[in-house]
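First up is the structure itself, then whatever we jot down about it.
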Amino acid sequence: MNDAELIAQFRAGQIAAFNTLVKRWECPIYNFVLRYVGNRDDARDLCQQTFIRAYKNMRRLRDPDKFTSWIYQIALNACRDAGRRRSLISLDTLDTPIADTTNPPDAMVHEQSVRDLLNRALQNLPEEQRVVIIMKEYQGLKFTEIAETLKVPINTVKSRMYYGLSALKKIFDRWHISEDMVRYEL
């Protein structure tokens, strides 16, 4: 059963249909939020807030076929709201290099460390670039879906992707991290 059919069932009063939607989307939304905020506890809370908002506003969704962009927009808004309420990023650590340049990082860093480096680098990007990279590279959304979610032209999404990836490369260069080390994570 697809999302639109589940939405129709939920609107008809079948609460179990919403539970199915939550089970289907819980992992992708959690992963998106986690990449955005960089903190597991905050990500769990924001994921829960996303589904609460979706539950309360499901009847307002005009086109059930656009559920993907709608749920990501709710998650993004929850992240932005949380960011306004409190700082989710420690600004004093943003420009601190990660690796000790006296030891080659390729020999020291394992898979989890690479993920941590990448998450930290993502937090250094402007929000508009970070969101596009997360949606495209981690969530697997198409450029058209991202443009729809963010309510911007598709070429804007593509340029944000380009500039975001360029900025990530500069961050890794500044940290003396080889691009090959993190490429497989993107």
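The values are calculated or read from the model by the stated rules, or taken from the named source; none is laboratory data. Predicted model only: the values in this text are computed from it and were never measured. Here the Cβ positions follow ideal geometry from the backbone for every residue, glycine too, while neighbour counts run over all protein chains shown.
The set of residues in the stretch 101-146 being modelled with pLDDT under 95 and touching a Ser or Thr at 6+ places or on another chain (Cβ under 7 Å) consists of D106 alone. Restricting the first member to the stretch 59-77 and to residues that are among the aliphatic types (A, V, I, L, M), and the second to residues that are assigned to a helix (DSSP H, G or I) and surrounded by fewer than 20 Cβ atoms within 10 Å (Cβ to Cβ), the beta-carbon pairs closer than 6 Å and six or more apart or on different chains are I74/R53. None of R35, R59 is surrounded by fewer than 13 Cβ atoms within 10 Å (Cβ to Cβ), part of a helix (DSSP H, G or I) and touching a Lys or Arg at 6+ places or on another chain (Cβ under 9 Å) except R59. Restricting attention to the stretch 15-51, the residues that are of a type in the set (V, I, T) and within 12 Å of the chain's Cα centre (by Cα) total 3. Residues that are closer than 24 Å to K136 by Cα and among the hydrophobic types (A, V, I, L, M, F, W, C) do not occur anywhere in the stretch 8-19.
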